[in-house]
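The values are calculated or read from the model by the stated rules, or taken from the named source; none is laboratory data. Fair warning: this is a prediction, and the values are worked out from it, not measured in the lab. Here the Cβ positions follow ideal geometry from the backbone for every residue, glycine too, while neighbour counts run over all protein chains shown. All accessible areas refer to the heavy atoms of the entire protein, side chains included, with ligands and DNA or RNA removed. Shrake-Rupley method; radii C 1.70, N 1.55, O 1.52, S 1.80 Å.
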Amino acid sequence: MNQAVLATNPSNLPSRFERPGILSLFLTLITVWFVAYSFQGAGISLSELATGFPEMISLLSQMLPPDTSRLPRIGWSLLETFQMALVGTVIGIIVSFPLAALASRATSPHPVVYQLARAIVSLFRTVPDLVWALFFVATVGLGPFAGTLTLAVDTIGFCGRFFAEGMEEVEKGPREALTALGASRTGIFFSFIVPASLPSFITSSLFSLEKAVRSSVVLGLVGAGGIGIELKVAMDMFRYSEAAMIILCIFALVILVERVSSRARKKLLE
Amino acid sequence: MSAVASMQSPTSSPEPTQKSTPIIIDGLRKSFGPNVILTDVTLSVTAGSAVALVGSNGSGKSTLLRCLVRLIEPDSGSISLLGDDVLSLNRAALKRLRSRVGFVFQKHNLVPRLSALTNVLHGAQGKVPSPRVWFQGLAPQHLRERALACLNEVGLADFASRPVDRLSGGQSQRVAIARALMQEPEIILADEPVASLDPEAGEQIMELLARLARDNGISLIFSTHHLEHAIEYSERVIGLRKGVLELDKPNTELTTSDLRSFYEPSRVSNESE
Ligand SMILES: Nc1ncnc2c1ncn2[C@@H]1O[C@H](COP(=O)(O)OP(=O)(O)O)[C@@H](O)[C@H]1O
Ligand SMILES: [Mg+2]
């Protein structure tokens with residue numbers, strides 16, 4: 001044992017730290033400089049923070065106690081927000097499913113279809129939801145329908161990608177076994193790919209619902225329905241205690257949905 | 001020892017070959033890029049017989065078995081399976097042929113989360129092209145009953161509703177065999193079916209597979225590194241070395257030490273040169 005240790009030449013040990021190459025050194029310096037420069041661009045200002053601080057305190061104190069008188073109205077508006085989120089997510093999931101099958105290397109019928117489907121999914125994902133909301137408000141008009149469409153598109157961008165990845169991640173043994181016994185591509189898709197990627201479908205779908213509930217809150221700011229508009233009006237009219245009530249209700253809704261969703265995930269995946 | 005594979009030219013007697021010789025391989029070649037994996041493999045297997053395929057890792061056993069049903073496309077040569085000229089079949093005909101050939105892999109390759117019964121039912125997919133065989137809940141009663149009978153054949157009738165990820169390795173491989181039985185196959189190809197099982201389970205599975213093949217008149221080719229299995233459960237042992245079929249003998253003429261020496265490259269090549 002000792003002899004064996006002695007017999008190995010210590011100079012074979014790798015050095016403790018890799019020497020950085022000239023290129024990576026250069027890139028590091030550029031990155032550090034850019035981060036520093038960005039602080040300037042971000043308008044960081046301690047003096048403004050200092051003057052703004054008392055304002056924040058005063059605004060917060062005007063919010064308390066939250067105004068409960070408008071609670072019923074807030075409740076209805078919150079329900080509409082949640083319904084937008086729910087329906088948007090459901091529509092999004094329904095559309096995502098076939099789209100993901102086309103956008104997954106494991107199931108796509110043709111490379112051109114694959115690239116096209118992936119392009120659509122990334123377009124939906126990379127354009128921010130507020131931009132979609134502005135687009136739909138301009139085309140279908142103000143109100144919850146614009147918001148629902150926005151959330152559906154958002155869901156497709158998210159679920160389309162993760163459903164497709166879920167389908168790509170299934171092990172390949174069962175597929176080979178089913179091919180070997182003469183199953184068709186359709187048969188393999190429904191009898192293997194779908195059940196095998198079900199956990200990832202469930203996880204992505206529930207997560208997407210949580211995400212939709214959070215974004216549905218702000219869509220109202222651009223007139224796409226939901227409670228956002230109530231919040232904006234309350235703030236604009238300096239009704240801070242009402243605004244506080246709205247924020248509390250939003251907070252409660254988001255927490256509730258996250259709780260229920262994580263319960264459901266555990267239940268469905270066990 | 002120049003044990004060249006016994007050749008039975010497919011052209012010599014075209015009439016009886018179909019029934020009596022369900023597997024005829026002639027001059028099969030396969031390369032992956034520059035690597036030649038199979039060189040001129042020629043082999044025929046008589047109906048209802050069990051053939052063991054041995055050879056060290058990388059000698060081409062899996063490639064050979066996969067080529068037979070075109071899970072891997074061979075480069076050249078000819079394969080006749082159950083009277084079909086495999087390499088000239090179109091997609092639909094290939095599916096029909098595949099439905100008559102059971103394939104058991106080293107890994108059970110079952111669909112996770114689904115029940116044992118549903119997994120067995122999947123064996124009918126080649127012959128019954130209907131969504132009803134995707135899940136046991138949708139399946140016609142007679143197919144459900146047949147799937148249960150197949151599970152019963154492998155001793156797992158009590159586990160029909162158990163999700164397969166909650167079965168042991170040996171049990172899973174039994175379900176995979178039941179799935180193959182569901183095909184009512186005329187040939188079973190088994191690629192190291194017991195390699196990932198403990199010795200006891202391996203023995204049981206090999207026993208089961210050989211018995212089912214024998215009882216149902218199924219022709220069986222199984223690859224294995226268990227030399228005892230090769231001799232005990234076959235009537236004939238063939239061996240690949242670097243893609244060349246260099247051994248082909250009745251099991252009665254072989255001992256495990258003969259087979260062991262087949263695995264040692266230097267000794268045997270000295271003998272055969
Ligand atoms: N899809 C593939 N692509 C490239 N090489 C492969 C592929 N499949 C198998 N091989 C190579 O073919 C050789 C034979 O493999 P295999 O048939 O699996 O041997 P065995 O089953 O006897 O261990 C190995 O060297 C392996 O690396
Ligand atoms: Mg192998």
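Some observations on this one:
- Among the candidates A:71, A:123, A:25, the residue that is open to solvent by 80 Å² or more (accessible area, probe 1.4 Å) and farther than 30 Å from residue A:198 by Cα is uniquely A:25.
- When residues of region B:118-160 are limited to those that are charged (D, E, K, R) and part of a helix (DSSP H, G or I), the one nearest to the other protein chains (Cβ to nearest Cβ): B:132
- Within region A:150-205, the set of residues being of a type in the set (A, V, I, L, M) and more than 10 Å from every other protein chain (Cβ to nearest Cβ) comprises A:151, A:152, A:153, A:156, A:164, A:167, A:202.
- Filter result (open to solvent by 10 Å² or more (accessible area, probe 1.4 Å), more than 16 Å from ligand 2 (Cβ to nearest atom) and away from chain A (no Cβ under 14 Å)) within region B:51-96: B:74, B:75, B:76, B:77, B:78, B:80, B:83, B:85, B:87, B:88
- Selection status of residue B:240, open to solvent by less than 30 Å² (accessible area, probe 1.4 Å), over 14 Å from the mean Cα position of the chain (by Cα) and either basic (Lys, Arg) or modelled with pLDDT under 90 (or both): no
- Residues being buried (at least 19 other Cβ atoms within 10 Å of the Cβ) and of a type in the set (Ser, Thr, Tyr) are entirely absent from region B:178-197.
- Yes/no for residue B:110 being open to solvent by less than 10 Å² (accessible area, probe 1.4 Å) and either part of a loop (DSSP other than H, G, I, E, B) or free of Cβ contacts under 8 Å to residues at least 12 places away in the same chain (or both): yes
- Single unsatisfied condition, residue B:202 versus (1) within 16 Å of ligand 1 (Cβ to nearest atom); (2) surrounded by 16 or more Cβ atoms within 10 Å (Cβ to Cβ): (1)
- Among the candidates B:185, B:163, B:112, residue that is within 28 Å of residue B:84 (Cα to Cα) and within 14 Å of chain A (Cβ to nearest Cβ): B:185
- When the helices (runs of 4 or more DSSP H) confined to region A:165-270 are screened for residues that are closer than 30 Å to residue B:91 by Cβ, those reaching at least 1 such residues are found at A:173-180, A:185-188, A:194-219.
- Residue within region A:11-25 that is of a type in the set (Phe, Trp, Tyr) and outside any helix (DSSP H, G or I) present: yes
- Of all residues in region B:21-36, those satisfying the criterion of being assigned to a strand (DSSP E or B) and not aliphatic (A, V, I, L, M) are B:26, B:27, B:29, B:30, B:31, B:32, B:35.
- Residue within region B:6-16 that is within 19 Å of residue B:236 (Cα to Cα), modelled with pLDDT under 95 and either open to solvent by less than 70 Å² (accessible area, probe 1.4 Å) or within 16 Å of ligand 1 (Cβ to nearest atom) (or both) present: yes
- In region B:59-85, the residues that are among the small types (Gly, Ala, Ser) and within 12 Å of ligand 1 (Cβ to nearest atom): B:59, B:60, B:62
- Set side by side, the residues A:90, A:137, A:131 differ, and just one is assigned to a helix (DSSP H, G or I), over 27 Å from residue A:233 (Cα atoms), open to solvent by 20 Å² or more (accessible area, probe 1.4 Å) and out of contact with any strand residue (DSSP E or B) (no Cβ under 6 Å at 6 or more places or on another chain), which is A:90.
- Single unsatisfied condition, residue A:225 versus (1) out of contact with any strand residue (DSSP E or B) (no Cβ under 9 Å at 6 or more places or on another chain); (2) surrounded by fewer than 23 Cβ atoms within 10 Å (Cβ to Cβ): (2)
- The set of residues from region B:126-139 being without any contact (Cβ under 8 Å) to a residue 24 or more places away in the chain and either small (Gly, Ala, Ser) or open to solvent by less than 20 Å² (accessible area, probe 1.4 Å) (or both) comprises B:130, B:133, B:137, B:139.
- Consider region B:166-177 and keep the residues that are within 13 Å of chain A (Cβ to nearest Cβ) and of a type in the set (A, V, I, L, M). The one that is surrounded by the fewest Cβ atoms within 10 Å (Cβ to Cβ) is B:175.
- Residue B:217 vs. criteria open to solvent by 30 Å² or more (accessible area, probe 1.4 Å), at pLDDT below 95 and on the phi > 0 side of the Ramachandran plot: yes
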